[in-house]
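Engineer: Okay, handing you the structure first.
The values are calculated or read from the model by the stated rules, or taken from the named source; none is laboratory data. All values derive from a computational prediction rather than experimental measurement. So basically every Cβ, Gly included, is an ideal-geometry build from the backbone, and we count neighbours across all protein chains shown.
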Amino acid sequence: MKCESLFTDEESRELDRLSVSERGTASRLLMGFAAISIFQTWKSKFEKAGSALLLCGSGNNGGDGFALAHFLSAEGIPCRVYYKNGNLSEETSFYKELCSGSGAKLFPIEEFRAETWNRKEVVVDALLGTGFHPPLSEEIARIVEEIRKLKSDASSECFVLSMDTVSGFYPGSPEPFPSDALAEIGVPKLTNLFLGAPAREKTFHPIGFLRKEFPTKQKVLVRASKKELRKRTERKKDSHKYSNGSAVFLGGSEGMAGAILSSVLTFHEAGGGISLIRTPSSVTLQKVLKKDSSLMVKSFSARENPFLGGFAGKAKVFALGPGLSLEDCPTHPLPEKIPVILDAGAILPYSGTRLGPNILFTPHLGEWSKVVGRACSHVLEGQKEAAQWARERNCHVLLKSDVSVLCTPEGDSYFWPHRDERLAVMGTGDLLVGMLAFFLSRGHDIPEAVRLSLSLFASAAEVSEGHPTAGRIRKNIRKVLFHG
């Protein structure tokens, strides 16, 4: 499966320690590696601007800023450095002296004001690193406010480059100020995944950490291209309806026929071959047949076992929950081998039952809060509990938010960072169930089915104009798979 490693702040510090203590790489070398890589990558931007204004904290992030100021000054690019006094590390002190000797002009950070900017300089943010925890100190809060003022007064002209992260950012809180670019250092960081502003330019700067050999449980899913999606959804010339994917969908309680229909129609739009809808509502049954008489639909009661029966024995996946009320949800033992998606109305009833690695829960944050019995306001907060819950219950949990995360029984967390405001509309969760059911019915394991489903979801949303309904997004699946 296509994914890349993500690192927590603690893991990043451990890689730094290993590089210094076990591999013998001096800390000042690592700082220099970061600075020269950023200098080379952004050299043309600095040269075009003609000068730079750097804001340096007293930690190692500030040391990276001092080192960058040295290379810029050495190459004849005028630099002004506003720095915070404090207990500087040996390597930070080294580069502070070095940049001063290279021609950079140093000023106490107390003297920085928005009016200080000369309307040409690239502003470099090197105040705080990813280890920051709120609140900001009074001194740094003032500087952040000055940067915010600077951007609001001259946003079209002032270019702010943040080193490693946007200073003062903490997941779940608004970004302290607008930053135009991010130069991430050493390892891809989990914290930075939650930065907004998708238009922000981002560059990555390796400094010799052996991150490929370092065990980390966080991954970021790589989005599948349209070409890959078309290949994964194509039908063979000699295929038949069962080989193209078979699924049982259970849901559509009274008044919620649209949810189960959205899931089933999405399953078939993606390429699914045959499905059966089980619904407790006679009204839903009639609406399904009126919508498309080729669909198979059958009534059921909560006393019945939906996992038994002729068609159920042939199904490659079960999807329970779209449009299903709690009182209509059965709680019969789940199959042990066939993939089962538990969404919406099936999440709570099954959260206390025996589970297995073939089970995929798909709660949004509100539903997850009910599972764990307390309010969960941010996906990173929920991920920590979901990762532990998935390990303990031996199942998969796909926690849905603007940034979604899949937690596995093995303890891995796969993040999906591709935000799209067009998906923030009712009914999109039902579409996702249909996509997941399709890819699972085609034999993909749960992590890969999640990656492919979210990729198809994102692509269908991208070709939808304006603020589309879930129905319009569903109809655009065929545009993704068969056009352009």
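Engineer: What strands (runs of 3 or more DSSP E), lying completely within the range 163-275, carry at least 2 residues that are closer than 23 Å to GLY65 by Cβ and not assigned by TED's automatic domain parsing to the domain that holds ALA449?
Structural biologist: Details: elements: 181-185, 201-205, 218-221, 246-250.
Answer list for the range 163-275: 181-185, 201-205.
Engineer: A follow-up question, please. Which ones in the range 424-464 are in a helix (DSSP H, G or I) and among the small types (Gly, Ala, Ser)?
Structural biologist: Passing the criteria: GLY429, GLY434, ALA437, SER441, ALA449, SER453, SER455, ALA458, SER459, ALA460, ALA461.
Engineer: Taking VAL123 and the conditions (1) within 27 Å of SER73 (Cβ to Cβ); (2) under 22 Å from the mean Cα position of the chain (by Cα), which numbered condition does it fall short on, given that it satisfies the others?
Structural biologist: (2)
Engineer: Where residues in the range 314-326 are assigned to a loop (DSSP other than H, G, I, E, B) and crowded, with 24+ Cβ neighbours inside 10 Å, which of them is farthest from the chain's Cα centre (by Cα)?
Structural biologist: So, considering only residues that are assigned to a loop (DSSP other than H, G, I, E, B) and crowded, with 24+ Cβ neighbours inside 10 Å, the one farthest from the chain's Cα centre (by Cα) is ALA315.
Engineer: Of GLY427, GLY366, GLY382, which residue is small (Gly, Ala, Ser) and within 27 Å of HIS268 (Cα to Cα)?
Structural biologist: GLY427
Engineer: Which members of the range 449-467 meet the condition of being of a type outside the set (Gly, Ala, Ser) and within 22 Å of the chain's Cα centre (by Cα)?
Structural biologist: VAL450, ARG451, LEU452, LEU454, LEU456, PHE457, GLU462, VAL463, HIS467, listed by residue number.
Engineer: How do the pairs read when you match residues in the range 360-373 that are of a type in the set (Gly, Ala, Ser) with residues anywhere that are surrounded by 18 or more Cβ atoms within 10 Å (Cβ to Cβ) and assigned to a loop (DSSP other than H, G, I, E, B), using Cβ under 9 Å and keeping only pairs 6 or more apart or on different chains?
Structural biologist: Taking only residues 6 or more apart or on different chains, the pairs are GLY366/CYS376; SER369/PRO363; SER369/CYS376.
Engineer: Next question. Take ASN118 and tell me if it is over 19 Å from CYS158 (Cα atoms) and either crowded, with 22+ Cβ neighbours inside 10 Å or modelled with pLDDT under 95 (or both).
Structural biologist: No, not satisfied.
Engineer: Then there is this: Is it true that some residue in the range 302-321 is touching a residue at least 12 places away in the same chain (Cβ under 8 Å) and either farther than 28 Å from LYS241 by Cα or outside the structural domain of GLN383 (by TED's automatic domain parsing) (or both)?
Structural biologist: Yes, there is a match, as at least one residue in the range 302-321 is touching a residue at least 12 places away in the same chain (Cβ under 8 Å) and either farther than 28 Å from LYS241 by Cα or outside the structural domain of GLN383 (by TED's automatic domain parsing) (or both).
Engineer: Separate question: Which residues, counting only those in the range 14-36, are under 26 Å from the mean Cα position of the chain (by Cα) and closer than 28 Å to ILE147 by Cα?
Structural biologist: Once the filter is applied, which keeps residues that are under 26 Å from the mean Cα position of the chain (by Cα) and closer than 28 Å to ILE147 by Cα, the range 14-36 yields only ALA34.
Engineer: OK, next. Residue under question is VAL405, and the condition is that it be within 26 Å of GLY258 (Cβ to Cβ) and in contact with a Leu (Cβ under 8 Å, 6 or more places away or on another chain); does it hold?
Structural biologist: Here the answer is no, as VAL405 does not meet what is asked.
Engineer: Just to be sure before I move on: is LEU182 buried (at least 20 other Cβ atoms within 10 Å of the Cβ) and among the hydrophobic types (A, V, I, L, M, F, W, C) in the structure I sent?
Structural biologist: yes
Engineer: What residue, among those in the range 213-231 that are within 14 Å of the chain's Cα centre (by Cα) and β-branched (Val, Ile, Thr), is surrounded by the most Cβ atoms within 10 Å (Cβ to Cβ)?
Structural biologist: The first filter runs over the range 213-231 and keeps only residues within 14 Å of the chain's Cα centre (by Cα), leaving 218-223.
Remaining after also requiring β-branched (Val, Ile, Thr): 220, 222.
Values: VAL220: 20, VAL222: 13.
For the range 213-231, the residue satisfying everything is VAL220.
Engineer: Let me ask another. Let me spell it out: the conditions are (1) closer than 19 Å to ILE38 by Cα; (2) surrounded by fewer than 16 Cβ atoms within 10 Å (Cβ to Cβ), and ASN85 meets all of them except one. Which number is the exception?
Structural biologist: (1)
Engineer: Which condition from (1) assigned to a loop (DSSP other than H, G, I, E, B); (2) more than 25 Å from GLY313 (Cβ to Cβ); (3) at pLDDT 95 or above is the one that HIS467 breaks?
Structural biologist: With respect to (1) assigned to a loop (DSSP other than H, G, I, E, B); (2) more than 25 Å from GLY313 (Cβ to Cβ); (3) at pLDDT 95 or above, HIS467 is out only on (3).
Engineer: Within the set of pairs 6 or more residues apart or between chains, which connect a residue that is more than 14 Å from PHE249 (Cβ to Cβ) inside the range 329-350 to a residue that is among the basic types (Lys, Arg) and at pLDDT 95 or above with Cβ atoms less than 9 Å apart?
Structural biologist: Matching pairs, first to second residue: ILE347/LYS370; LEU348/LYS370.
Engineer: What single numbered condition from (1) touching a Cys at 6+ places or on another chain (Cβ under 8 Å); (2) free of Cβ contacts under 8 Å to residues at least 60 places away in the same chain fails to hold for VAL123?
Structural biologist: The number of the failed condition is (2).
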